[in-house]
Each structure stands twice: as structure tokens, then as C-alpha cells.
Amino acid sequence: MSFKTTCPYCGVGCGIEISRTGSSLKLIGDKDSPVNQGMLCIKGQTLLETVGSDDDRLLVPSTGSWSSAIKRISEAFKNTPKDSIALYLSGQMLMEDLYVAKKFAHAYGIKNLESNSRLCMYSTVAANNRAYGSDIVPVSYDDIYQAETVFIIGSNTADCHPIVFNHIKKSKAFVVCVDVYKSTTAKRSDLFIQVEPGQDMVLIDDLVNQSWFKDKKTLSVYSQGLTQSTDATDKVNALINAHIKTGNINKPGCGVLSLTGQCNAMGGREIGIKTQDLTATEFFSTDQIKTLWVMATNPAHSMINYRQFETLIVSDFTKTLTTQDADIVLPACSWSEQTGHQKNSERRYLEQNAFLPPAGESKPDWEIICLVAKELGLEGFDYAHADEIWAEMDIDQTWTSNIQVREVPVEINTPEREYGSSINNGRLLAQWHGMSRTGKSETLNKMTQENSAMVSIHHITNTELFKDKEVELDKYSKQPCFKG
Ligand code: SF4
């Protein structure tokens with residue numbers, strides 16, 4: 001018996017085939033997938049090392065039963081003014097989960113609804129809106145094979161989106177990489193241009209003069225190095241402007257491709273997971289939020305201004321630094337136990353299919369949200385299966401490789417800035433986010449220990465910016481993180 005599903009890590013969206021013989025499972029890349037054509041990076045290849053239960057797996061609600069947990073959450077919600085309640089979601093959650101979370105927030109009157117994926121790519125959403133009139137990704141992975149130049153900026157694609165980089169290397173394109181350090185991508189490119197931190201705008205402005213850009217069919221590929229930097233929206237618009245000015249747009253092999261970090265970051269952005277009040281960072285930096293429900297993410301590990309809340313509720317499949325201090329912890333299903341949809345960087349809808357039963361008493365995120373909604377007296381949350389939610393969403397899944405966009409350059413008014421010392425971070429090929437899933441793989445941990453780049457993370461302790469912050473090893477992932 002075999003099942004097709006999709007990798008839960010990055011926004012590339014690789015298809016996976018799982019076959020079962022007796023009690024043994026085998027995982028391979030799906031050769032029929034138009035995204036990866038059978039290829040998988042090391043994280044995808046080792047996914048079976050991360051499934052099932054271990055000592056950190058959450059199996060029952062921390063209150064002892066689902067009924068007591070749901071009652072306590074309902075009481076916390078009723079006892080908290082609505083503008084002091086927030087839901088903090090994740091690009092790891094499936095379309096169905098995010099849709100139900102948004103429906104619940106809307107029905108109950110919660111304005112503070114954010115996803116961690118907004119931190120990393122809403123500058124792209126804003127830039128697309130300014131340039132094209134709406135949030136359109138006009139190109140696809142097909143364009144890689146039609147481009148004469150692939151221009152990579154602010155993305156260590158080889159380590160962070162390895163299968164997209166495999167496509168780039170398989171194409172005949174001349175590969176140009178811009179980065180502040182000699183990343184794996186830089187080493188494997190035909191031309192590496194090293195810039196000082198903050199100076200990438202100067203380089204983007206000069207693209208119209210570079211023959212490898214203006215005289216060739218050029219596809220630009222970027223990621224968080226651009227979208228999570230100072231003046232990020234202007235930088236993305238400047239890049240789109242360079243394409244418009246050189247005619248490198250609306251033609252095969254030409255245009256701008258943003259690589260989304262998480263598997264369903266694109267889906268969350270299209271569903272419109274977006275606050276109407278405080279932003280995600282303000283959930284943590286102001287004291288307005290008293291009751292916070294975190295789902296499928298680990299802000300205690302990554303939010304520099306992380307603080308305590310009056311009531312912290314966390315849904316996750318495994319213990320993390322965030323579950324450690326939570327008042328109520330809810331066991332959520334893991335990747336192998338959950339069915340639904342993701343939407344990848346090139347905006348394809350991809351199916352994720354459960355091939356194992358839920359561990360312990362764990363439940364899919366959408367079902368947990370429905371239980372709370374019903375306890376609060378809300379109607380319209382009686383789904384028996386994720387399929388019913390998908391049907392209600394009524395999404396047109398038609399996919400085209402290219403979308404025509406308008407060609408109107410946006411005026412850029414980025415002020416001159418002084419850049420002093422700066423901090424940059426990156427990802428490792430063998431790990432993902434806070435390692436709550438990848439940290440369970442022996443193969444990936446061994447690769448990580450052998451990777452000397454890890455040392456660079458510890459340098460944050462030496463900077464002025466972080467001098468008052470205490471850094472400790474995360475008990476679960478064994479990675480450095482801020483305390484207090
Ligand atoms: S490239 Fe991304 S989606 Fe593909 S196997 Fe690797 S982590 Fe999974």
C-alpha cells in the first residue's frame with residue numbers, strides 16, 4: 001500500500017511517496033510530482049526518523065483531559081477582554097487549520113490574529129500589491145529552465161530551498177548570487193557578488209546596467225535576506241522595477257520569484273491571516289495581550305521580546321520552550337497524522353495525507369479550534385473531517401505557470417541610512433526552525449554537529465545589541481535562545 005503526501009518543511013513543496021509493507025514504512029520522493037520530480041533534500045529524506053512518539057511527544061492535554069482543557073480555555077477567553085486575546089499561528093499549519101482559525105477569530109471577535117509567516121514575507125505582499133495591484137507571484141519553477149540568468153539575492157537557496165537550487169543547477173542558466181557572506185549558494189554560483197550588510201539596494205539599483213541581467217532572460221529569486229531586512233518592501237519593489245525597466249517580465253524565464261519559508265506560508269498569506277490590531281511582535285512587546293493561544297510555533301525560542309502572559313495556551317505536537325511555561329498545553333497531530341492542503345512558493349495547492357493514526361489523544365489543529373468555538377457557543381464548527389472544511393473553502397485550484405502582471409514601476413523613497421554593526425542569521429541545510437521536528441532525526445543531528453557554521457550563532461552574545469540578554473541552550477532543541 002502506498003500514500004502520496006507533501007513534505008512539511010519548506011515552501012518548495014516536494015511530493016513524497018510512502019509505502020507500507022507490514023509494519024515497516026519506506027519514504028521516497030514522488031517521481032510524478034511536478035515540483036520535485038522524485039528529488040528530496042536530506043530533511044525530506046529523513047522524515048520517517050521524526051514520526052511517531054518519543055519522550056517529548058505531547059499525548060494528552062496538560063489538564064488531564066480534553067474536556068477540562070477546553071473548559072479552561074473557554075473560561076480564559078470569557079474572562080479576558082476581546083482586544084486582549086490573541087491567536088499566534090504558523091505557516092506550518094494547513095489551509096484547513098488556518099481557515100478555521102480565521103473563521104473562529106472572526107466569529108468570536110478576536111482582532112489579534114497573526115501568523116509567524118507574516119514576520120518573514122509580508123514585505124513581499126506589500127511590494128506585490130504596490131507593483132502589481134495585488135499579491136501575485138507571476139512566475140513558477142518552470143521559469144528556471146527558461147531563464148538565461150538566475151539572479152539570487154538574499155537567499156541561501158542551496159541550503160534553505162535545496163530542491164529549487166537543484167532545479168537551478170540542472171538548468172543551463174548563468175547563476176549570480178548576492179549575499180553578505182560566502183554561503184553554500186555563493187560557492188556554487190557562476191558569479192558571487194559580496195555586499196556589505198544594508199548595501200544591497202545600491203546593487204539592485206545598478207542591475208539595469210549589468211549585461212548579465214539586462215541583456216538576458218533573467219529570473220530573480222529571493223528570500224528572507226531581502227524580505228526581513230531594513231526597507232524590505234522598497235528592496236523588493238526596486239527589484240521588480242529593474243525587471244520592468246529591462247523588459248524582464250511577463251515572458252517565459254523572466255520575472256521575480258519569492259521563495260516562501262514554510263510549507264504553507266503562501267496559503268496563510270492568501271487566506272489573509274493578518275491582524276486588525278496589534279502586530280505579532282506587539283503581542284510580545286506590549287502588555288495589551290493577556291491571553292495568547294500559540295499554535296504550531298515556538299516563539300519562546302525565537303522572539304527576542306518574549307514575555308509571560310496571564311494565560312498562555314499552546315497547541316503543538318512536541319514539547320518546546322514555549323510549551324514549558326504554558327498554562328494549558330494541547331497535543332496536536334503531527335505531519336504524518338494530519339490530512340489537508342498546503343500552498344507552495346509557486347502557488348500550487350498540494351495535498352498532505354495522514355498515513356499514521358494520531359499519537360495518544362492528539363487532534364488536528366482545526367478540530368481543537370472547533371472544540372473551543374463550540375464551547376464558547378459559536379455555530380458553524382461541526383466538521384467531521386478536513387475534507388468538509390476544504391469543500392467549504394471552495395477554492396479554485398486551477399494552476400497556471402505564468403500570470404501576466406502590470407508593468408508600472410513603483411517610486412522608491414528609501415532614506416539614506418547609516419549601517420553600523422549588523423547581525424545576520426541563516427539556516428542550516430540539515431535543520432528546520434527551532435529543530436522541534438528535525439531535532440528528532442539522528443541523521444540530521446549528526447550532520448548538524450559536523451557543521452562548523454553553528455558557531456556563528458553564538459556570536460550574538462558578544463554584540464552590544466544583545467548585551468543584556470541571557471543566552472541559554474533550549475532544553476529541547478539544544479539550540480541557543482534568549483531568556484527573560
Ligand atoms: S526542499 Fe523543502 S520541501 Fe523539498 S524535501 Fe527539502 S525541506 Fe522538504
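Brief remarks on what is shown
- Rounded to 10°, Cα long-axis angle of helix 95-108 versus longest principal axis of the chain: 60
- Applying 1/(1 + (r/R0)^6) with r as the Cβ-Cβ distance of Leu376 and Asp55 and R0 = 45 angstrom yields a FRET efficiency of 0.85.
- Rounded accessible area per residue of region 2-50, 1.4 Å, Å²: 39
- Charge sum, other residues only, whose C-beta stays under 15 Å from Val178's C-beta, Lys/Arg counted +1 and Asp/Glu -1: -2
- Surrounding net charge for Leu59, when Lys and Arg each add one and Asp and Glu each subtract one, Cβ distance under 13 Å: -3
- Label sites at Trp399 and Tyr419, each approximated as a point 7 angstrom past Cα along Cα to Cβ, lie 3.6 nm apart.
- In degrees, nearest ten, helix 365-375 long axis to first principal axis of the chain (Cα): 40
- Accessible surface of region 2-50, 1.4 Å probe, proportion on carbon and sulfur as whole %: 51
- Accessible surface for region 200-357, divided over its residues, is 30 Å² per residue with a 1.4 Å probe.
- Between 0 and 90°, nearest 10: helix 232-245 axis offset from the chain longest Cα axis: 40
- Inter-label distance, Lys4 to Lys169: 2.7 nm, where each label sits 7 Å from its Cα along the C-beta direction.
- Kirkwood estimate for the chain, i.e. one over the average of 1/r between Cα atoms, Å: 23.2
- In plain terms, the chain from Trp212 to Thr443 could stretch by 79.2 nm, reckoned as 0.36 nm per residue minus the Cα-Cα distance.
- Region 140-253 - percent relative contact order, Cα under 8 Å, separation 6 or more: 33
- One quarter of the convex hull surface built on the alpha carbon atoms of region 140-253 amounts to 6.1 nm², the projected area averaged over directions.
- Multiplying the residue separation of Lys111 and Ser65 by 0.36 nm and removing their Cα-Cα distance gives an extension gain of 13.7 nm.
- The portion of the accessible surface of region 98-227 made up by carbon and sulfur, rounded to a whole percent, is 49 (1.4 Å probe; DNA, RNA and ligands excluded).
- Structural descriptor for the chain: relative contact order 22 percent, calculated from alpha carbon pairs under 8 angstrom and at least 6 residues apart.
- Given Lys187/Lys214; Lys217/Lys245; Lys71/Lys290, the pairs whose alpha carbons are separated by over 20 Å: Lys187/Lys214
- Peptide ranges 30-36, 342-348 listed from the most packed, as the mean C-beta count within 10 angstrom indicates: 342-348, 30-36
The values are calculated or read from the model by the stated rules, or taken from the named source; none is laboratory data. It should be emphasised that the depicted structure is a prediction, and the values quoted were computed from it without experimental measurement. Note: ideal-geometry Cβ built from the backbone for every residue, glycine included; neighbour counts use all protein chains shown. Calculation scope for accessible area: heavy atoms of the full protein, side chains included, ligands and nucleic acids excluded. Shrake-Rupley method; radii C 1.70, N 1.55, O 1.52, S 1.80 Å.
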